[in-house]
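Novice: This is the structure, below, for whatever I ask next.
Computed from the coordinates by the stated procedures, all read-outs in this text should not be read as laboratory data. Only a predicted model underlies this, so the values are computations on that prediction, with no experimental measurement involved. Methodologically, a virtual Cβ is constructed for each residue, glycine included, from the backbone with ideal geometry; neighbour enumeration extends over all protein chains shown.
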Amino acid sequence: MLASLAGDARSYGVLLSDVAKHLRYYFLRRLADAHKGDADDLVQETLMALHTRRATYEVDRPFTAWLHAIARYKLIDHFRRNRIRATVPLDDVEDLFAQDQSDAAADRMDVQRLLQSAPEKTRDLIYRTRIEGQSIAEVAQSTGLSETSVKVSIHRGIRAITARLKGAANDDK
């Protein structure tokens, strides 16, 4: 750019050629598929603006920042002229709103409270298999217990928790 401002026509031609490739990629990344065909027109508009406003370029500033500012304004003008608006597909609308997680949190607290009533070893086995989703074989291998021992401990622990729940329900009546 500096050489072209000094009057070097060959440098100016090389600059415009290189900038055109860069601008095409810049616009293609920012345009929706339906408007990709407008990229070449935007490149030409930006090159024309660069040519007519090259005297406003401040040599102590980065050239690409100046170029991108022009390209950005040309892109905004294009969006306004064609009434292009950013849209969100309705399929993804749930992601935009906060969801009430209070029931899930209360359920987790209830499960934790129930598990606290079981012995620590049994509680760990139940948690790892029923909550974390580990297999009986994985838990047996990591604890050094047999698969049968793991199954029996889990069964007895769940049965004890169920009996406590039934007893508490009968006490409430």
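Novice: Treating only the Cα positions of the stretch 112-173 as identical point scatterers, give the base-10 log of I(q)/I(0) from the Debye formula at each q in 0.23, 0.26 Å⁻¹.
Specialist: -0.88, -1.05
Novice: Across 5 Å bins from 0, what is the distribution of all Cα-Cα pair distances for the stretch 1-82, in whole percents?
Specialist: Percent of Cα pairs in each bin: 3, 14, 27, 26, 15, 9, 5, 2, 0.
Novice: Could you work out how far apart the two model spin labels at Ala9 and Arg83 are, taking each label as a point 7 Å from the Cα in the direction of the beta carbon, and quote it in nm?
Specialist: It works out to 4.6 nm between the two label points.
Novice: Length gain on complete extension for the stretch Glu138 to Asp40, per 0.36 nm per residue less the alpha carbon to alpha carbon distance? Spell out each step's value before the answer.
Specialist: Details: separation 98, 0.36 × 98 = 35.28 nm, distance 5.92 nm.
29.4 nm is the gain from fully extending Glu138 to Asp40.
Novice: Excluding residues fewer than 8 places away in the same chain, name every one of the lysines whose C-alpha is closer than 19 Å to that of Lys121.
Specialist: Leaving aside lysines fewer than 8 places away in the same chain, those within reach of Lys121 are Lys151.
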